[in-house]
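These notes concern the structure reproduced below.
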Amino acid sequence: MKKFLVLLIVLLLVGCDKIEEQPKEKNKKDIEQKEEIKEEVKELTVEDYQNNNVDELGEVPIMMYHGIHNKSNSDTEYTGGNVDKDGYQRTAEAFRNDLEFYYNEGYRMIRLTDYVDGNIDVELGKSPIILTFDDGLSNNIKVTGLDDNGDIIIDPNSAVGILESFKEKYPDFNVTATFFVNGGLFEQEEYNEKILNWLVDNGYDIGNHTYTHVNFSNVDSSRTQEEVGKIYKLLDEIIPEKYVNIVALPFGSPYNLEHDNMQYIFNTNYNGKKYETKSTLRVGWKAESSPFSTDFNPKFLKRIRAYDNNGVEFDIEMNFKLLENNRYISDGNIDTIVIPSSKESLVNNNDSKEIITY
Ligand SMILES: [Zn+2]
């Protein structure tokens, strides 16, 4: 009984304290916010990991797109919305279908640069996906004019127009993409500054695809540096410090990390300035390793060609089937690496994140 009384007094005191501390204007919204925060720090159990098949050593798809054409799939003679034979060019209809598919399969977008840095912010049970576009085609972000405020009006059937509609439709999709440009940027010179600034202000990234879409196998070290440096210089002039130091290798060339020119891509000296590149992208066929895997090499990243080939030759369907056996599934916490205990020896933690095995 005595114990009970002491407890009661303590509870009352604590209670009074709390009441005193609470400002009168505390409204419902504040309390709701507090509850949300509580939800975030809720410790997950092994059961949560098991129920969601959490595996942060699983593979991550980096999708490679080029042009998005304002056409229906029935307008093309090729398979599933491919506009050209190899599916580098796709219809707007096909691109919308791809995005629906990724979302419904539980993929959520992250920035390429965050993936490289090991910052994978995806909710529990969901998987990261990365979108890339090469060649800076005008149909990536087609500007049709300026509004009364002088802001660009974007064609809703260009890639960015479509991405923006998904941003509204599925706010938890975390829509983003990285665009790899050549010297012509997005082929709409009068809007260069407005387009680049709009993209970085709206959560998209710009990377380097060389000044003239050069084949690195066929040039010397000084031309290599000129091709890489000229794009960084151009981006420096328009969006200083707001672009990503990542090069998408034109044609995927030189195909080999040991090639002589690779060192000049990673460490470029151009026009008296030094530029560093943290990653290069190949033309792809398969998903990449988790950034926490011992297999991960950010210098030379594989991509998946985003095209349709009836489920063969590493098209989207084939790759996402393969991923079902080994896809990255998040625990929802950016600070921890959660992996099944069978994979413990495969983890490479450079960021000193907390590793949890189960
Ligand atoms: Zn290209």
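Just one of PHE101, PHE133 is of a type in the set (Phe, Trp, Tyr), within 16 Å of the ligand (Cβ to nearest atom) and more than 30 Å from GLU354 (Cβ to Cβ); which is it?
After applying the criteria, what remains is PHE133.
Are any residues in the stretch 203-219 farther than 20 Å from GLU241 by Cβ and touching a residue at least 40 places away in the same chain (Cβ under 8 Å), and if so, which ones?
The answer is THR210, HIS213, PHE216, SER217, VAL219.
Quickly run through the stretch 187-246 and pick out the residues that are of a type in the set (Ser, Thr, Tyr) and touching a Lys or Arg at 6+ places or on another chain (Cβ under 6 Å).
Of everything in the stretch 187-246, just one residue is of a type in the set (Ser, Thr, Tyr) and touching a Lys or Arg at 6+ places or on another chain (Cβ under 6 Å), namely TYR211.
Among the listed residues ASN174, ASN182, ASN157, ASN192, which satisfies the condition of being at positive phi and either among the polar types (S, T, N, Q) or modelled with pLDDT under 95 (or both)?
Only one candidate passes the filter, namely ASN174.
Of LEU146, LEU137, which residue is more than 25 Å from ASN310 (Cβ to Cβ), more than 19 Å from the chain's Cα centre (by Cα) and surrounded by 21 or more Cβ atoms within 10 Å (Cβ to Cβ)?
None of the other options fit; the residue is LEU137.
What single numbered condition from (1) buried (at least 21 other Cβ atoms within 10 Å of the Cβ); (2) within 16 Å of the ligand (Cβ to nearest atom); (3) under 27 Å from ILE162 (Cα atoms); (4) at pLDDT 95 or above fails to hold for GLU288?
Every listed condition holds for GLU288 apart from (2).
Quick check: anything in the stretch 317-328 basic (Lys, Arg), under 30 Å from GLU193 (Cβ atoms), outside any loop (DSSP other than H, G, I, E, B) and touching a residue at least 12 places away in the same chain (Cβ under 8 Å)?
No.
Taking the condition over 23 Å from TYR204 (Cα atoms), at pLDDT 95 or above and touching a strand residue (DSSP E or B) at 6+ places or on another chain (Cβ under 6 Å), does THR294 pass?
No; evaluated as a whole, the condition is false for this residue.
Among the small types (Gly, Ala, Ser) and surrounded by fewer than 17 Cβ atoms within 10 Å (Cβ to Cβ), is that true of GLY332?
Spelling it out, it is not the case that GLY332 is among the small types (Gly, Ala, Ser) and surrounded by fewer than 17 Cβ atoms within 10 Å (Cβ to Cβ).
Name the pairs: first residue in the stretch 244-266 and on the phi < 0 side of the Ramachandran plot and more than 16 Å from the ligand (Cβ to nearest atom), second residue among the hydrophobic types (A, V, I, L, M, F, W, C) and in a helix (DSSP H, G or I), Cβ to Cβ under 6 Å, at least 6 apart or on different chains?
The qualifying pairs are ASN261/PHE216.
Looking only at the stretch 210-244, which residues are surrounded by 19 or more Cβ atoms within 10 Å (Cβ to Cβ), assigned to a helix (DSSP H, G or I), under 23 Å from the mean Cα position of the chain (by Cα) and among the β-branched types (Val, Ile, Thr)?
Of everything in the stretch 210-244, those that are surrounded by 19 or more Cβ atoms within 10 Å (Cβ to Cβ), assigned to a helix (DSSP H, G or I), under 23 Å from the mean Cα position of the chain (by Cα) and among the β-branched types (Val, Ile, Thr) turn out to be VAL228, ILE231.
All but one of (1) over 24 Å from TYR88 (Cα atoms); (2) out of contact with any Asp or Glu (no Cβ under 9 Å at 6 or more places or on another chain); (3) in a strand (DSSP E or B) hold for VAL247; state the number of the condition that does not hold.
Tallying (1) over 24 Å from TYR88 (Cα atoms); (2) out of contact with any Asp or Glu (no Cβ under 9 Å at 6 or more places or on another chain); (3) in a strand (DSSP E or B), VAL247 fails exactly one: (1).
Please indicate, with yes or no, whether at least one residue in the stretch 158-179 is buried (at least 22 other Cβ atoms within 10 Å of the Cβ) and in a strand (DSSP E or B).
yes
The values are calculated or read from the model by the stated rules, or taken from the named source; none is laboratory data. Every value quoted in this text rests on a predicted model; they were computed, and no experiment measured them. In this analysis, Cβ positions are derived from the backbone assuming ideal geometry, glycine residues included, and neighbour counts consider all displayed protein chains.
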